[in-house]
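Enquirer: Sharing a structure, written as C-alpha coordinates. Questions coming.
The values are calculated or read from the model by the stated rules, or taken from the named source; none is laboratory data. None of the values given here were measured: they were computed from a predicted structure. Ideal geometry is used to build each Cβ from the backbone, glycine not excepted, and the neighbour counts take in all protein chains shown.
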(Lines give C-alpha, C1' and ligand atoms only; values in the text may rest on other atoms or scores of the structure.)
Protein backbone atom coordinates (compact mmCIF):
# COMPACT_ATOMS: atom_id res chain seq x y z
CA UNK A 1 0.00 0.00 0.00
CA UNK A 2 1.08 3.56 -0.68
CA UNK A 3 1.17 4.97 2.85
CA UNK A 4 3.55 7.92 2.72
CA UNK A 5 2.82 11.37 4.07
CA UNK A 6 5.19 14.30 3.99
CA UNK A 7 3.37 16.69 6.33
CA UNK A 8 1.44 16.31 9.58
CA UNK A 9 -2.12 17.65 9.14
CA UNK A 10 -3.54 20.06 11.69
CA UNK A 11 -6.82 18.18 11.48
CA UNK A 12 -7.94 14.74 10.36
CA UNK A 13 -11.52 14.42 9.12
CA UNK A 14 -12.89 10.89 8.81
CA UNK A 15 -15.77 9.18 7.09
CA UNK A 16 -18.02 7.07 9.34
CA UNK A 17 -19.22 3.86 7.63
CA UNK A 18 -16.50 1.34 6.75
CA UNK A 19 -13.93 3.71 8.23
CA UNK A 20 -14.82 4.24 11.90
CA UNK A 21 -17.95 2.10 12.27
CA UNK A 22 -18.72 -1.16 10.48
CA UNK A 23 -21.74 -3.26 9.61
CA UNK A 24 -22.87 -5.62 12.39
CA UNK A 25 -23.19 -8.79 10.33
CA UNK A 26 -24.17 -10.97 13.29
CA UNK A 27 -27.04 -8.63 14.14
CA UNK A 28 -28.19 -8.67 10.51
CA UNK A 29 -28.17 -12.48 10.40
CA UNK A 30 -30.10 -12.65 13.67
CA UNK A 31 -32.74 -10.18 12.55
CA UNK A 32 -33.23 -11.98 9.24
CA UNK A 33 -33.58 -15.26 11.10
CA UNK A 34 -36.28 -13.79 13.32
CA UNK A 35 -38.19 -12.92 10.15
CA UNK A 36 -37.84 -16.45 8.78
CA UNK A 37 -35.02 -15.80 6.31
CA UNK A 38 -31.85 -17.78 6.80
CA UNK A 39 -28.61 -16.05 5.90
CA UNK A 40 -25.38 -17.42 7.31
CA UNK A 41 -22.99 -14.80 8.72
CA UNK A 42 -20.18 -16.35 6.68
CA UNK A 43 -22.17 -15.89 3.46
CA UNK A 44 -23.09 -12.35 4.38
CA UNK A 45 -19.43 -11.56 5.03
CA UNK A 46 -18.38 -13.15 1.73
CA UNK A 47 -20.94 -11.12 -0.23
CA UNK A 48 -20.19 -7.79 1.44
CA UNK A 49 -17.33 -6.48 -0.74
CA UNK A 50 -19.25 -6.87 -4.01
CA UNK A 51 -22.32 -5.24 -2.47
CA UNK A 52 -20.16 -2.31 -1.37
CA UNK A 53 -19.03 -1.91 -4.96
CA UNK A 54 -22.65 -1.72 -6.13
CA UNK A 55 -23.29 1.07 -3.62
CA UNK A 56 -20.25 2.94 -4.91
CA UNK A 57 -21.45 2.57 -8.50
CA UNK A 58 -24.86 3.96 -7.56
CA UNK A 59 -23.34 7.03 -5.92
CA UNK A 60 -20.89 7.51 -8.79
CA UNK A 61 -23.85 7.66 -11.19
CA UNK A 62 -25.34 10.51 -9.17
CA UNK A 63 -27.69 8.46 -7.01
CA UNK A 64 -28.63 9.60 -3.52
CA UNK A 65 -27.34 7.95 -0.37
CA UNK A 66 -30.83 6.56 0.39
CA UNK A 67 -31.15 5.01 -3.06
CA UNK A 68 -27.69 3.50 -2.76
CA UNK A 69 -28.47 2.14 0.71
CA UNK A 70 -31.57 0.27 -0.50
CA UNK A 71 -29.81 -1.09 -3.57
CA UNK A 72 -26.84 -2.15 -1.45
CA UNK A 73 -29.06 -4.09 0.94
CA UNK A 74 -31.05 -5.88 -1.75
CA UNK A 75 -27.94 -6.78 -3.71
CA UNK A 76 -26.12 -7.91 -0.59
CA UNK A 77 -28.92 -10.24 0.50
CA UNK A 78 -29.28 -11.66 -3.00
CA UNK A 79 -25.55 -12.36 -3.14
CA UNK A 80 -25.79 -14.04 0.27
CA UNK A 81 -28.40 -16.52 -1.02
CA UNK A 82 -31.84 -14.95 -0.55
CA UNK A 83 -34.24 -14.89 -3.50
CA UNK A 84 -35.43 -11.57 -4.93
CA UNK A 85 -38.64 -11.36 -2.89
CA UNK A 86 -36.92 -12.30 0.37
CA UNK A 87 -34.08 -9.86 -0.33
CA UNK A 88 -36.52 -7.00 -0.92
CA UNK A 89 -38.51 -7.80 2.22
CA UNK A 90 -35.33 -8.38 4.21
CA UNK A 91 -33.97 -5.02 3.11
CA UNK A 92 -37.12 -3.33 4.39
CA UNK A 93 -36.83 -5.11 7.75
CA UNK A 94 -33.18 -4.12 8.01
CA UNK A 95 -34.05 -0.52 7.19
CA UNK A 96 -36.45 -0.44 10.13
CA UNK A 97 -33.70 -1.73 12.42
CA UNK A 98 -31.20 0.70 10.91
CA UNK A 99 -33.55 3.58 11.69
CA UNK A 100 -33.80 2.32 15.27
CA UNK A 101 -30.07 1.71 15.76
CA UNK A 102 -27.71 2.24 12.82
CA UNK A 103 -26.53 -1.16 11.54
CA UNK A 104 -23.04 0.27 11.02
CA UNK A 105 -22.41 0.08 14.76
CA UNK A 106 -19.28 -2.01 15.31
CA UNK A 107 -16.11 -0.11 16.23
CA UNK A 108 -13.01 -2.15 15.31
CA UNK A 109 -10.29 -2.79 17.83
CA UNK A 110 -7.82 0.06 18.07
CA UNK A 111 -9.99 2.78 16.50
CA UNK A 112 -10.83 4.55 19.77
CA UNK A 113 -7.19 4.45 20.86
CA UNK A 114 -5.97 5.74 17.48
CA UNK A 115 -8.31 8.74 17.58
CA UNK A 116 -7.32 9.50 21.17
CA UNK A 117 -3.62 9.30 20.29
CA UNK A 118 -4.03 11.76 17.42
CA UNK A 119 -5.88 14.24 19.61
CA UNK A 120 -3.31 13.86 22.38
CA UNK A 121 -0.66 14.78 19.82
CA UNK A 122 -2.48 18.02 19.06
CA UNK A 123 -4.22 16.90 15.86
CA UNK A 124 -7.93 17.74 15.80
CA UNK A 125 -10.13 14.85 14.66
CA UNK A 126 -13.59 15.21 13.14
CA UNK A 127 -16.20 13.15 11.34
CA UNK A 128 -17.76 14.15 8.00
CA UNK A 129 -20.21 11.56 6.72
CA UNK A 130 -23.13 10.91 4.41
CA UNK A 131 -25.71 9.76 6.91
CA UNK A 132 -29.35 10.10 7.92
CA UNK A 133 -29.15 12.82 10.55
CA UNK A 134 -28.64 10.48 13.52
CA UNK A 135 -24.88 10.16 13.54
CA UNK A 136 -24.46 11.92 16.88
CA UNK A 137 -26.86 9.47 18.55
CA UNK A 138 -25.00 6.51 17.03
CA UNK A 139 -21.66 7.77 18.32
CA UNK A 140 -23.10 8.08 21.82
CA UNK A 141 -24.43 4.52 21.70
CA UNK A 142 -21.12 3.02 20.57
CA UNK A 143 -19.00 4.96 23.06
CA UNK A 144 -17.60 7.55 20.66
CA UNK A 145 -19.73 10.46 21.78
CA UNK A 146 -16.72 12.46 23.01
CA UNK A 147 -14.17 11.10 20.54
CA UNK A 148 -14.42 13.83 17.91
CA UNK A 149 -13.91 17.57 17.89
CA UNK A 150 -16.69 18.03 15.33
CA UNK A 151 -19.32 15.84 13.63
CA UNK A 152 -20.79 16.86 10.26
CA UNK A 153 -23.77 14.71 9.21
CA UNK A 154 -25.09 15.18 5.67
CA UNK A 155 -28.60 14.39 6.86
CA UNK A 156 -28.52 17.56 8.96
CA UNK A 157 -26.49 19.67 6.56
CA UNK A 158 -28.57 19.33 3.41
CA UNK A 159 -25.42 18.66 1.42
CA UNK A 160 -23.55 15.42 0.92
CA UNK A 161 -20.21 14.15 -0.30
CA UNK A 162 -18.65 14.52 -2.82
CA UNK A 163 -19.94 18.12 -2.83
CA UNK A 164 -16.95 20.27 -1.77
CA UNK A 165 -19.19 22.29 0.55
CA UNK A 166 -19.54 19.54 3.16
CA UNK A 167 -15.78 19.12 3.39
CA UNK A 168 -15.32 22.88 3.73
CA UNK A 169 -17.90 22.99 6.53
CA UNK A 170 -15.94 20.32 8.36
CA UNK A 171 -12.75 22.34 8.04
CA UNK A 172 -14.44 25.57 9.12
CA UNK A 173 -15.99 24.02 12.20
CA UNK A 174 -12.80 22.32 13.29
CA UNK A 175 -10.91 25.58 12.77
CA UNK A 176 -8.45 24.85 9.97
CA UNK A 177 -8.09 25.74 6.33
CA UNK A 178 -8.70 22.94 3.80
CA UNK A 179 -4.99 22.93 2.96
CA UNK A 180 -4.20 22.03 6.58
CA UNK A 181 -6.68 19.15 6.76
CA UNK A 182 -6.56 15.51 5.72
CA UNK A 183 -9.73 13.60 4.89
CA UNK A 184 -9.90 9.80 4.94
CA UNK A 185 -12.74 7.52 3.83
CA UNK A 186 -13.40 4.26 2.03
CA UNK A 187 -14.84 5.35 -1.36
CA UNK A 188 -12.42 6.88 -3.88
CA UNK A 189 -15.05 8.68 -5.95
CA UNK A 190 -16.87 10.13 -2.96
CA UNK A 191 -14.24 10.52 -0.26
CA UNK A 192 -10.86 10.95 -1.92
CA UNK A 193 -11.91 12.82 -5.05
CA UNK A 194 -14.44 14.89 -3.09
CA UNK A 195 -11.87 15.95 -0.52
CA UNK A 196 -9.24 16.74 -3.11
CA UNK A 197 -11.78 18.83 -5.02
CA UNK A 198 -12.43 20.83 -1.86
CA UNK A 199 -8.73 21.58 -1.38
CA UNK A 200 -8.00 19.03 1.35
CA UNK A 201 -5.41 16.32 1.27
CA UNK A 202 -6.88 12.83 1.20
CA UNK A 203 -6.26 9.20 2.07
CA UNK A 204 -8.18 6.04 1.25
CA UNK A 205 -9.17 3.62 4.01
CA UNK A 206 -9.58 0.28 2.22
CA UNK A 207 -10.58 -2.33 4.86
CA UNK A 208 -11.76 -4.91 2.32
CA UNK A 209 -8.84 -4.54 -0.07
CA UNK A 210 -11.09 -3.43 -2.92
CA UNK A 211 -8.62 -0.97 -4.46
CA UNK A 212 -5.18 -2.61 -4.59
CA UNK A 213 -4.04 -0.46 -7.52
CA UNK A 214 -5.31 2.88 -6.20
CA UNK A 215 -2.64 5.54 -6.61
CA UNK A 216 -4.41 8.91 -6.30
CA UNK A 217 -3.78 9.09 -2.53
CA UNK A 218 -2.13 7.05 0.23
CA UNK A 219 -4.09 3.87 1.04
CA UNK A 220 -4.50 2.24 4.45
CA UNK A 221 -6.28 -0.84 5.74
CA UNK A 222 -7.64 0.88 8.85
CA UNK A 223 -7.82 4.05 10.89
CA UNK A 224 -5.20 2.76 13.36
CA UNK A 225 -2.77 2.18 10.47
CA UNK A 226 -3.49 5.67 9.16
CA UNK A 227 -2.95 7.17 12.62
CA UNK A 228 0.38 5.42 13.00
CA UNK A 229 1.57 6.84 9.68
CA UNK A 230 0.58 10.36 10.70
CA UNK A 231 2.13 10.12 14.16
CA UNK A 232 5.35 8.71 12.74
CA UNK A 233 5.97 12.08 11.09
CA UNK A 234 6.10 13.97 14.37
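Enquirer: Name the residue, out of 29, 57, that is at pLDDT 90 or above and not assigned by TED's automatic domain parsing to the domain that holds residue 187.
Expert: Testing whether each residue is at pLDDT 90 or above and not assigned by TED's automatic domain parsing to the domain that holds residue 187 leaves just 29.
Enquirer: Can I ask one more? When the stretch 78-100 is examined, which residues are found to be buried (at least 18 other Cβ atoms within 10 Å of the Cβ) and not in a helix (DSSP H, G or I)?
Expert: Across the stretch 78-100, the qualifying residues are 80, 82.
Enquirer: Now a separate question. Among 204, 135, which is the only one that is closer than 19 Å to residue 102 by Cβ and in contact with a helix residue (DSSP H, G or I) (Cβ under 8 Å, 6 or more places away or on another chain)?
Expert: On inspection, the qualifying residue turns out to be 135.
Enquirer: Would you tally the residues in the stretch 186-205 being out of contact with any strand residue (DSSP E or B) (no Cβ under 6 Å at 6 or more places or on another chain), surrounded by 18 or more Cβ atoms within 10 Å (Cβ to Cβ) and not in a helix (DSSP H, G or I)?
Expert: Final tally of qualifying residues: 2.
Enquirer: Continuing with the same structure: Regarding residue 75, is this residue free of Cβ contacts under 8 Å to residues at least 40 places away in the same chain and assigned to a loop (DSSP other than H, G, I, E, B)?
Expert: no
Enquirer: Quick one: count up the residues across the stretch 95-117 that are farther than 24 Å from residue 162 by Cβ and at pLDDT 95 or above.
Expert: 11
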